[in-house]
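Encoded as structure tokens, the structure appears first; notes follow it.
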Amino acid sequence: MVPEPRSSAAAQVLVASNRGPVSYSVGEDGELSAKRGGGGLVSGLSAIGDEADALWVCAALGEGDREAVRRGVAEPGVRMLDVDAGAGEGVHAAAYNGIANSVLWFVHHMLYQTPLEPVFGPEFRAQWAAYEQYNRAFAEALAAEAAPGAAVLVQDYHLTLVPGMLRELRDDLRIGHFSHTPWAPADYFRMLPDDVAEQVLRGMLGADRLGFLTGRWADNFTECCVRLLGGTSGTRIGVHGLGADADFLRERSRRDDVEERLRALREQIGEGRKTIVRVDRTELSKNIVRGLHAYRQLLVDRPEWRERVVHVAFAYPSRQDLAVYRDYTAEVSRVAAAINSEFGTEGWTPVVLHVEDDFARSLAAYRLADVALVNPIRDGMNLVAKEVPVVSDEGCALVLSREAGAYEELAEDAIAVNPYDISATAVALHSALGMAPEERAERTKRLAAAATALPPTQWFLDQLHALTGGPS
Ligand code: F6P
């Protein structure tokens, strides 16, 4: 059944994403409280708030969100979907954990390891059916909320089927889709079962326009379409390299809570020592364990750095419903502890690992870092690489994986590494630590300029206008 557009509440601009800009929790008194979320997607899409008649459609993720949906509580301009309430218990978990974060994430970041992975059997098929249901719930909600001719901007690998489904329901809409991840090369993408690979591509091609973070990911997508479907059927493809939000970061990183954490970190590191900083969600594509091994290699190959450097690693747990992410989180702690027991002395802890998510402390670490280590196996963009140079107090050398999307824009002033090569990463860390302060400051200035070339608001508006034919 085709849902009727709501005539009174019809939105002109809609965004659809799995994680929305707000999450709810239920207090001990039974009251609901709302918290605004962080992250690149939220900061980029927050520009929607400036558009009249805008609506952000997202999934209800936890118990608090589901309770908000049950009670009919909503932030202005946000509609949360409790997919399980309409489609059946466990649909969201199977779609999000089973397909999005286990299969599609692993394909696009090329994380599968033979001989055990991947396995596309009956369990995968059940999860794929849930993914279809989940995408259909979004398509139906968007079809019901959109005004005639409205622009709909669908986000990410969670919702690849939505453009095609929505096109069938509402041919009048202008539909865009943006991928925040890399896109796999065709030879790797073809690991997916043929019908699923084709469904994903056809679902995406239901959009008028597709956006990617770099030309490399866009080219991979096009190659997949040419090889598997014979072409992109006239869908336009654009590249929008999301940049750091300089105004927000500079103001936020000077607040009292950041100053307080700066003092605490300095104390923990110790007087006169250099710091190598990394900040990541703990998941396999970030390559945290190899980063730790590279740091260990530095201490072995260059003993002169012992006692003189500290690796400050913030690794914030993510997607902990999945065993593979939990195991990786445990491995990060294990390797950090092993380095500390191998090299640590009474007055020196070589690795300072923090796992509780604290944005103010991340900003404090960005400010004091001498070296930032960003070594993902693959990454759509990596905003940490762009944020550090913006807030750095005295300049920071950037050791950057050539497989991060950000590398396309920052290559000239970063020290490039092959993320698999631990020995070369150790050498890069040594060069970064030894970089002269003037050179470091100069490079940081240029990195900050490149990193802020396309601020989040402009990033969003460029896509919207490209879709609607508005000002460019
Ligand atoms: O990189 C893709 C992405 O969806 C980002 O937009 C987001 O910051 C990240 O993954 C978060 O993932 P999750 O919502 O699973 O925590």
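Derivation of every value follows stated rules applied to the coordinates shown; laboratory data play no part. Owing to the predicted nature of the structure, the values given are computational and were not obtained by experimental measurement. Virtual Cβ from ideal backbone geometry, glycine too; neighbours counted across all protein chains shown.
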Quiz item: Within the P(r) computed for segment 354-462, what percentage of the Cα pairs occupies the region above 17 Å?
Solution: 53
Quiz item: How long are the three semi-axes of the equivalent ellipsoid of segment 246-451, in whole Å, if each is the root of 5 times an eigenvalue of the C-alpha gyration tensor, listed from largest down?
Solution: 22, 20, 19
Practice problem: Among Gly291, Ile237, Ala186, flag the residue with its Cα farthest along the positive direction of the charge dipole of segment 177-309, charges on Cβ as +1 for Lys/Arg and -1 for Asp/Glu. | Solution: Gly291
Quiz item: How large is ³J(HN,Hα) for each residue in segment 10-26, as worked out from phi by the Karplus curve 6.51 cos²θ - 1.76 cosθ + 1.60 (θ = phi - 60°), to whole Hz, x for Gly and Pro?
Solution: 5, 9, 8, 10, 10, 10, 10, 8, 5, 8, x, x, 9, 9, 10, 9, 9
Quiz prompt | Axial C-alpha extent at least 27 Å, average Kyte-Doolittle at least -1.0 - helices from the chain (DSSP) | solution = 122-145, 323-343
Practice problem: Show me 436-445, 133-142 ranked by packing, highest mean number of other Cβ atoms within 10 Å first. | Solution: 133-142, 436-445
Quiz item: Over all pairs of distinct alpha carbons, what does the Kirkwood formula give as the hydrodynamic radius of segment 336-380, in Å?
Solution: 12.9
Exercise. State to the nearest 20 debye the size of the charge dipole of segment 246-451 about its Cα centre, where the only charges are +1 on K and R beta carbons and -1 on D and E beta carbons.
Key: 140
Quiz item: Quick one: length gained pulling Asp256 to Tyr420 fully straight, 0.36 nm per residue minus the C-alpha distance?
Solution: 55.2 nm
Exercise. Measure of size requested: the Rg and Dmax of segment 141-207, with Cα atoms as the atom set and Å as the unit; please supply both.
Key: 12.9, 40
Practice problem: Work out the length of the dipole vector of the chain about its Cα centre, built from +1 on the beta-carbon of each Lys and Arg and -1 on the beta-carbon of each Asp and Glu, and round it to the nearest 20 debye. | Solution: 620
Quiz item: Within a Cβ distance under 13 Å of Asp65, other residues only, what is the Lys/Arg minus Asp/Glu net charge?
Solution: +1
Quiz item: What's the extension gain from Ala441 to Ser333 if we count 0.36 nm per residue and subtract their Cα-Cα distance?
Solution: 35.6 nm
Quiz prompt | 5 angstrom amide H check on Ser401, placed H, neighbours 5+ away | solution = Val374, Asn375, Val417
Quiz item: Over segment 206-305, what is the relative contact order in whole percent, taking alpha-carbon pairs under 8 Å and six or more residues apart?
Solution: 21
Practice problem: Report, in deg cm²/dmol and to the nearest 500, the calculated mean residue ellipticity at 222 nm for the chain, where each DSSP H run with n ≥ 4 adds -39500 (n - 2.57) and the sum is divided by the residue count. | Solution: -13000 deg cm²/dmol
Quiz prompt | Relative contact order (%) - segment 246-451, alpha-carbon pairs under 8 angstrom, separation at least six | solution = 24
Practice problem: Give the long-range amide H neighbours of Gly238: residues separated by 5 or more places, or on another chain, with amide H under 5 Å away, using H modelled in the peptide plane at 1.01 Å from N. | Solution: Leu210, Gly211, Phe212
Exercise. Compute the relative contact order of the chain as a whole-number percentage, counting only Cα pairs closer than 8 Å that sit 6 or more residues apart in sequence.
Key: 14
Self-check item: Separation in nanometres of the label points that stand 7 Å from Cα toward Cβ, at Ala453 and Arg266
Solution: 3.5
Exercise. Compute the distance in nm between two label points, each set 7 Å from the Cα along the Cα-to-Cβ direction, one at Val324 and one at Arg308.
Key: 4.1
Self-check item: Largest-first ellipsoid semi-axes for the chain, taking √(5λ) over the Cα gyration tensor eigenvalues, angstrom
Solution: 39, 24, 23
Quiz item: What residues have an amide H closer than 5 Å to that of Leu81, excluding those fewer than 5 places away on the same chain, when H is modeled at 1.01 Å from N in the peptide plane?
Solution: Cys58, Ala59, Ala60
Practice problem: Give the residue from Leu400, Ala11, Gln199 lying farthest towards the positive end of the charge dipole for the chain; charges sit on Cβ (+1 for Lys and Arg, -1 for Asp and Glu) and the dipole is referred to the Cα centre. | Solution: Leu400
